[in-house]
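**Q** To start, I am sharing the structure in question, which I have written as structure tokens.
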Amino acid sequence: MAPVHVAITRKVKPGMEQAFEKALRVFIRESLHLPGTTGVHLVSPADGDSREFGILRSFESESARDNFYKSELYTQWQNAVAPMVLGEPTRRELHGLEAFFRGSGKAPPRWKMAMVTWIGVFPAVMLWASTLPPYLTSLHPILIGAIVDVFVVVTLTWCFMPILTNLFSKWLHQDAG
């Protein structure tokens, strides 16, 4: 089972931004307890003129995603915020590193994504390539490389990339529209 990441955007009616965000934060807390839900990130509007909120939701599997969107809690949420929003939510599944770089708009230019990824990869590789091999001397070099790579990927996924994409968010999306 591969994890599933879904980007959702909601356009909020003028004057309803604070009420929507408050309701969204309550819903996020409640929904994290549903089986198969592994995380949620909220992307608030970047400036005062935008009223589009982004939500990046992660699930253990496609069936967990499907069960979430069929749940009574999700139906209640949709009904509760209907008076606060314009239209239906836009949902899009994300794959690979794209999940880190998607905000509420389109993806940043690839060269910017590559630069931020390198900023995360370089220290992760240096850290694990210098730390782990002395403890793995009895293993084949290919296996050592594979183990180092696992640590690099885990470090990027759960530590460096969320921090870096948040830190560089404005720069990443300034040309992305």
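**Q** Determine if segment 55-72 includes at least one residue that is buried (at least 18 other Cβ atoms within 10 Å of the Cβ), closer than 21 Å to residue 170 by Cβ and touching a residue at least 24 places away in the same chain (Cβ under 8 Å).
**A** Yes, segment 55-72 has at least one match.
**Q** Within segment 14-42, how many residues turn out to be under 13 Å from residue 85 (Cβ atoms) and either outside the structural domain of residue 69 (by TED's automatic domain parsing) or touching a strand residue (DSSP E or B) at 6+ places or on another chain (Cβ under 6 Å) (or both)?
**A** Residues meeting the conditions: 1.
**Q** May I ask you to verify whether residue 116 is of a type outside the set (S, T, N, Q), free of Cβ contacts under 8 Å to residues at least 12 places away in the same chain and within 24 Å of residue 6 (Cα to Cα)?
**A** Details: of a type outside the set (S, T, N, Q): yes; free of Cβ contacts under 8 Å to residues at least 12 places away in the same chain: no; within 24 Å of residue 6 (Cα to Cα): yes.
So residue 116 does not fit the description; no.
**Q** Considering each residue of segment 27-43, count those that are part of a loop (DSSP other than H, G, I, E, B) and surrounded by 14 or more Cβ atoms within 10 Å (Cβ to Cβ), and give that number.
**A** 2
The values are calculated or read from the model by the stated rules, or taken from the named source; none is laboratory data. Small disclaimer: the values here were computed from a predicted structure and weren't measured. In this analysis, Cβ positions are derived from the backbone assuming ideal geometry, glycine residues included, and neighbour counts consider all displayed protein chains.
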